[in-house]
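Q: After the structure tokens below, expect a handful of questions from me.
None of the figures in this text is laboratory data; all of them are computed from the coordinates on show. None of the values given here were measured: they were computed from a predicted structure. Counting neighbours? That spans all protein chains shown, and the Cβs are built from the backbone with ideal geometry, glycine included.
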Amino acid sequence: MRSHYCGQLNETLVDQQVTLCGWVHRRRDHGGVIFLDLRDRDGLAQVVVDPDTAEAFATADRARNEFVLRITGRVRPRPEGTQNPNMPTGMIEVLAKDVEVLNTAATPPFQLDEHGKVGEETRLKYRYIDLRRPEMIDKLRLRSRISHSVRAFLEGQGFLDIETPILTRATPEGARDYLVPSRTHAGSFFALPQSPQLFKQLLMVSGVDRYYQIAKCFRDEDLRADRQPEFTQIDIEASFVEEDDVMAITETMIRQLFQEVLDVELPLFPRMPYAEAMSRFGSDKPDLRIPLELTDVDDLMKDVDFKVFSGPAQAEDGRVAALKVPGGAKLSRKEIDEYTKFVGIYGARGLAWIKVNERAKGIEGLQSPIVKFMDGIIEELLDRVEAQDGDIIFFGADNARIVNEAIGALRVKLGEDLELYTREWAPLWVVDFPMFEEDGNGRMQALHHPFTAPSCDVDTLRDRPAEALSKAYDMVLNGTELGGGSIRIHDHGMQRAVLDVLGIGEEEADEKFGFLLDALQYGAPPHGGLAFGLDRLVMLMTGAKTIREVIAFPKTQSAACLMTDAPGVVSPTQLKELNIRLRQKAKPEAEQDA
């Protein structure tokens with residue numbers, strides 16, 4: 001139906017006849033001449049309709065925003081003084097000969113021009129209209145280019161694109177499964193995969209050697225800006241590899257991707273042990289663009305007459321950390337109060353601070369409600385954080401987890417609020433993760449997943465599980481975890497030992513993972529891999545604020561689709577076929593007492 005996309009038109013096509021199809025972006029009537037801005041996925045083209053072409057003029061006169069038109073005409077230069085150098089097609093226009101209405105349109109619920117502002121709920125309800133906006137199309141186009149580049153790279157490295165099942169069985173991988181009732185097996189359920197983890201390991205046992213998949217995954221968990229109930233992974237696995245092999249392949253892939261798609265040369269990725277990342281930045285995905293670091297001051301605070309500090313400093317699981325912000329003394333009390341509220345989100349019970357106004361005056365040159373408790377240690381404290389005049393020092397004091405989360409998040413917020421970024425892109429690898437962490441009830445849980453290989457032998461793992469490190473690695477970019485991976489357990493005895501440490505007995509292990517445990521007895525090769533979050537990657541590369549901006553049809557924060565009104569109720573007949581009976585919702589107390 002068309003000869004060109006609107007955005008393809010340029011001066012090389014002057015005097016040629018073209019046929020365009022698209023939507024009316026804007027209609028203007030200037031002294032009897034109608035101007036139509038026609039829009040398609042590639043851009044805008046200005047169309048001029050003269051009264052001389054009576055039929056075309058009459059049709060254009062009836063056209064309104066979002067009408068679907070087919071226009072045939074001649075490309076010509078725009079008259080002197082009307083060119084628009086800021087627009088790719090701004091030097092030419094199309095003099096229409098024929099205008100055909102392919103479909104009319106009701107008045108859209110919001111304007112699609114760059115000045116229009118509309119709430120996200122309205123945009124998601126009418127997503128098919130929202131996606132017509134050039135900035136949304138550009139994000140989807142970039143996403144397509146990213147997927148194509150990834151596929152081409154991995155195919156060139158000998159990886160095979162293999163699909164794994166969507167209907168599988170429930171396995172404990174750290175989040176709730178989405179369950180699917182089986183009609184043919186009454187009382188039994190499939191689970192939608194949180195990842196293809198076990199299947200890709202079985203593919204390595206099968207001798208596939210190198211596998212990849214751009215896979216849909218599902219997790220029934222609380223949502224944040226970078227989470228969705230269904231998301232897309234770039235899933236990679238290879239046999240006969242060690243950590244360095246996987247990291248080298250995937251780092252090369254990401255660096256090549258940025259070069260091809262954004263023309264950005266990423267630096268080589270430094271490596272940082274998990275313990276160092278938590279100590280310096282309070283996070284296992286530190287944003288290295290921000291030149292702020294946490295400093296431990298536990299030893300200085302053990303004997304101060306201030307239990308808020310001395311208590312955590314003396315506790316085995318406590319931490320007292322300082323965060324110096326150069327030039328931060330200019331922050332107002334109102335701003336400090338806002339930051340105090342902010343750290344409260346992460347469980348912090350307050351935010352102590354010291355403003356360094358004039359260090360040469362000693363305590364007299366400091367401003368803070370806590371300075372009176374620092375007699376005898378203040379100079380050593382200021383020396384340790386290398387405080388200068390005009391700085392502010394924030395403190396976190398609690399158990400280490402709360403301090404890391406609260407002050408680590410404060411560091412990121414300060415970096416954004418005060419525009420402290422020192423560079424545009426800051427990648428790194430975080431390595432040497434602990435194998436396990438305590439769940440708060442004294443039980444061990446896997447920091448990554450239970451199929452990650454430890455760095456120690458079986459006996460050491462069983463004797464000192466809390467000290468065991470794993471062969472895991474996370475790729476981080478600008479404070480966002482792009483991907484996580486590990487060398488997997490390929491030895492049956494080691495896998496049994498890990499499950500034992502996690503409190504998963506032999507009977508439960510056989511029930512949930514029997515097929516994997518069996519497979520490991522039949523010549524499983526050493527293997528490992530990594531999974532990237534495609535949505536997060538696209539979000540970073542487009543500069544979007546949330547992954548909802550780079551997914552064609554995302555869910556809301558409550559995991560609902562406003563456009564299709566999903567999830568929805570199903571009929572009693574469907575429930576009966578699935579052998580499911582719904583429990584009635586409890587009536588309000590007022591109704592029960594009536």
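Q: Which ordering of E243, E424 is given by a fewest-first count of other beta-carbon atoms within 10 Å?
A: The most exposed by this proxy come first: E424, E243.
Q: If the reach is capped at under 25 angstrom between alpha carbons, list the lysines near K512, excluding any in the same chain fewer than eight residues apart.
A: Output for K512: K200, K216, K471.
Q: Please find the FRET efficiency linking R145 to R169, where r is the Cβ-Cβ separation and R0 is fixed at 35 Å, and quote it to the nearest 0.05.
A: That pair, R145 with R169, gives E of 0.45.
Q: Less than 12 Å Cβ to Cβ from R74, Lys/Arg counted +1 and Asp/Glu -1: what total charge do the surrounding residues give?
A: -2
Q: At 222 nm, what helix-only mean residue ellipticity would the chain give, in deg cm²/dmol to the nearest 500, using -39500 (n - 2.57) for each DSSP H run of four or more?
A: -9000 deg cm²/dmol
Q: Apply the Karplus curve 6.51 cos²θ - 1.76 cosθ + 1.60, θ = phi - 60°, to the phi angles in the range 228-240 and return the couplings in whole Hz, x for Gly and Pro.
A: In residue order, the calculated couplings are 9, x, 10, 9, 10, 10, 8, 9, 9, 8, 9, 9, 6 Hz.
Q: If the cut-off is 19 Å between C-alpha atoms, which lysines fall inside it for K302, apart from same-chain ones fewer than 8 positions away?
A: Candidates past the 8-residue exclusion: K372.
Q: Near the amide H of K97, under 5 Å away, which other amide H atoms are found, from residues 5 or more places off or on another chain, if H is placed in the peptide plane?
A: Excluding prolines and chain starts, which carry no amide H, the hits are T72, G73, R74.
Q: What trypsin sites (Lys or Arg not before Pro) in the range 431-491 are in a loop by DSSP, with at most 16 other Cβ atoms within 10 Å of the Cβ?
A: R443
Q: Given contacts defined as C-alpha pairs under 8 Å and at least six residues apart, what's the relative contact order of the chain, whole-number percent?
A: Here the relative contact order equals 13 percent.
Q: To continue, here is another question. Considering amide H positions built from the backbone, and no H for Pro or chain starts, which residues 5 or more places from V385, or on another chain, come under 5 Å of its amide H?
A: none
Q: Let me ask you something else. Could you point to the label whose value was computed as volume of the Cα convex hull per residue in Å³ for the structure here, given [x] 159; [y] 258; [z] 140?
A: Among [x] 159; [y] 258; [z] 140, the one calculated here is [y].
Q: Add +1 for every Lys or Arg and -1 for every Asp or Glu among the other residues with Cβ under 13 Å from the Cβ of D263, and state the total.
A: Computed value for this residue: -1.
Q: Oh, and also: Within the range 200-278, which chymotrypsin sites (Phe, Trp or Tyr not before Pro) sit in a loop by DSSP and count at most 15 neighbouring Cβ atoms inside 10 Å?
A: Here the sparse-neighbourhood loop sites are F240.
Q: Over the alpha-carbon set of the range 6-103, work out the extent along each principal axis and list the three values in angstrom, largest first.
A: Per principal axis, max minus min of the Cα coordinates gives 30, 28, 22 Å.
Q: I need the phi-derived Karplus couplings for the range 11-16: 6.51 cos²θ - 1.76 cosθ + 1.60, θ = phi - 60°, integer Hz, Gly and Pro marked x.
A: Residue by residue, the range 11-16 yields 5, 5, 9, 4, 6, 8 Hz.
Q: Sketch the reach of a paramagnetic label on V180 as a point 7 Å from Cα along Cα-to-Cβ, and name the residues of the range 208-249 whose backbone nitrogen lies under 17 Å away.
A: Counting only backbone N, you get 215-220, 229-233.
Q: What is the helix-to-structure angle for 333-344, meaning the angle in degrees between its Cα long axis and the longest Cα principal axis of the chain, kept from 0 to 90 and rounded to the nearest 10?
A: The angle comes out at about 80 degrees.
Q: Once the piece of chain linking R271 and D299 is laid out straight, how much longer is it, given 0.36 nm per residue of separation minus the C-alpha distance between them?
A: Value of the extension gain: 7.3 nm.
Q: How much length would be gained if the chain were fully extended between Q584 and V68, taking 0.36 nm per residue of separation minus their Cα-Cα distance, in nm to one decimal?
A: Extra length available between Q584 and V68 comes to 180.9 nm.
Q: Let me ask something else. Run through every distinct alpha carbon pair of the range 229-310 and return the Kirkwood hydrodynamic radius in angstroms, one decimal place.
A: Answer for the range 229-310: a Kirkwood hydrodynamic radius of 16.9 Å.
Q: At most 15 other Cβ atoms within 10 Å and a DSSP loop assignment: could you name the trypsin sites (Lys or Arg not before Pro) in the range 182-246 that fit?
A: Sites meeting the loop and neighbour criteria: R183, R224.
Q: Using amide H atoms built 1.01 Å from N in the peptide plane, name the residues 5+ places from V180, or on other chains, whose amide H lies under 5 Å from its own.
A: F190, A191, L192
Q: Which is farthest toward the positive dipole end of the chain among N84, I378, V18, measuring Cα position about the Cα centre, with Cβ charges +1 (Lys, Arg) and -1 (Asp, Glu)?
A: Highest projection toward the positive end goes to V18.
Q: If you plug each phi of the range 447-453 into the Karplus form 6.51 cos²θ - 1.76 cosθ + 1.60 with θ = phi - 60°, what whole-Hz ³J(HN,Hα) values come out, in order, with x for Gly and Pro?
A: 3J(HN,Hα) across the range 447-453, in whole Hz: 5, 9, 8, x, 9, 6, 7.
Q: In 10 Å bins starting at zero, report the fraction of Cα pairs in the range 290-422 per bin as a rounded %.
A: 13, 47, 36, 5
Q: Okay, next question. Express the relative contact order of the range 290-422 as a whole percentage, based on alpha carbon pairs under 8 Å and six or more residues apart in sequence.
A: Reported as a whole number, the value is 36 percent.
Q: Also, I was wondering about something else. Round to a whole angstrom and tell me the spacing of the C-alpha centers of the range 437-487 and the range 94-133.
A: Result: 49 Å between the Cα centres.
Q: While we're on this one: Quick one: net charge of G7's neighbours, Cβ under 13 Å, K/R +1, D/E -1?
A: 0
Q: Something else now. Expressed as a whole number of Å, what is the distance separating the alpha-carbon centroids of the range 50-76 and the range 173-233?
A: Answer, in whole Å: 51.
Q: For all pairs of alpha-carbon atoms in the range 408-472, what percent lies in each bin of width 5 Å, listed from the first bin to the last filled one?
A: 3, 15, 18, 16, 10, 10, 11, 10, 5, 1, 0
Q: When only Cα pairs under 8 Å and 6 or more residues apart are kept, what is the percent relative contact order across the range 6-103?
A: Relative contact order of the range 6-103: 34 percent.
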